[in-house]
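Data first, discussion second: the structure below is written as structure tokens.
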Amino acid sequence: MANTFKLVTNDAMPSSAGTPLALYTVPGSTTTVVLGLRLANVDGSTRTASVKLTSGTAGSNPNSNADVWLLKDAPIPAGSSLEVMGGAKVVLQTTDDILIDCDTAAKIDAAMSIMEIA
């Protein structure tokens, strides 16, 4: 199995407020470890941002692998950034997504450091 470190970025997220945009989707036959995620407010006003993990995998427990919010409506002051992971790691499985939303379209830049295991 090969371990590959990557940086995934997107500017001006999301394209439509209230419609989370995928920053990253785990490729087939891959497990991904999210090492860090930083969101930057590129607007002149405070904005609220959210990060959602959607799971495309099923677990044996009926409550496992549900879609969950990693961050919900967190305020980010103008010109500031927010470290979402805070040193924690999140393991993603094939087809899982990390989605970014903001209260105003195109006001969040996102940078996520990952390690893909394939």
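Some points to look at:
- Selection of segment 1-37 for residues being of a type in the set (A, V, I, L, M), surrounded by fewer than 11 Cβ atoms within 10 Å (Cβ to Cβ) and not in a strand (DSSP E or B) yields Met1, Ala2.
- Taken together, the residues in segment 75-92 that are surrounded by 15 or more Cβ atoms within 10 Å (Cβ to Cβ) and either under 13 Å from Leu39 (Cβ atoms) or more than 12 Å from the chain's Cα centre (by Cα) (or both) amount to 5.
- The set of residues from segment 105-118 being β-branched (Val, Ile, Thr) and either touching a His at 6+ places or on another chain (Cβ under 8 Å) or buried (at least 16 other Cβ atoms within 10 Å of the Cβ) (or both) comprises Ile108, Ile114.
Listed here are the residues, each with its yes/no results for (1) at pLDDT below 95; (2) over 22 Å from Thr30 (Cα atoms).
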position	(1), (2)
Thr46	no, yes
Val51	no, no
Asn63	yes, yes
Ala66	yes, no
Ala78	no, yes
Val84	no, yes
Ile100	no, no
Asp103	no, yes
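- Identity of the residue in segment 34-50, of a type in the set (Val, Ile, Thr) and over 11 Å from the mean Cα position of the chain (by Cα), that ends up farthest from Asp96 (Cα to Cα): Thr46
- Sub-6 Å Cβ pairs linking a first residue in segment 1-21 that is under 19 Å from Asp73 (Cβ atoms) and in contact (Cβ under 8 Å) with a residue 24 or more places away in the chain to a second residue that is part of a strand (DSSP E or B) and among the small types (Gly, Ala, Ser), at least 6 apart or interchain, are Met13/Ala110, ordered by first then second residue.
- Checking Ala66 against (1) more than 12 Å from the chain's Cα centre (by Cα); (2) in contact (Cβ under 8 Å) with a residue 12 or more places away in the chain, the condition it does not meet: (2)
- Subset tally (residues that are assigned to a strand (DSSP E or B) and under 17 Å from Ala12 (Cβ atoms)) for segment 70-97: 3
The values are calculated or read from the model by the stated rules, or taken from the named source; none is laboratory data. A quick note: this is a predicted structure, and the numbers were derived from the prediction, not measured. All Cβ positions, glycine included, derive from the backbone under ideal geometry; neighbour counts span all protein chains shown.
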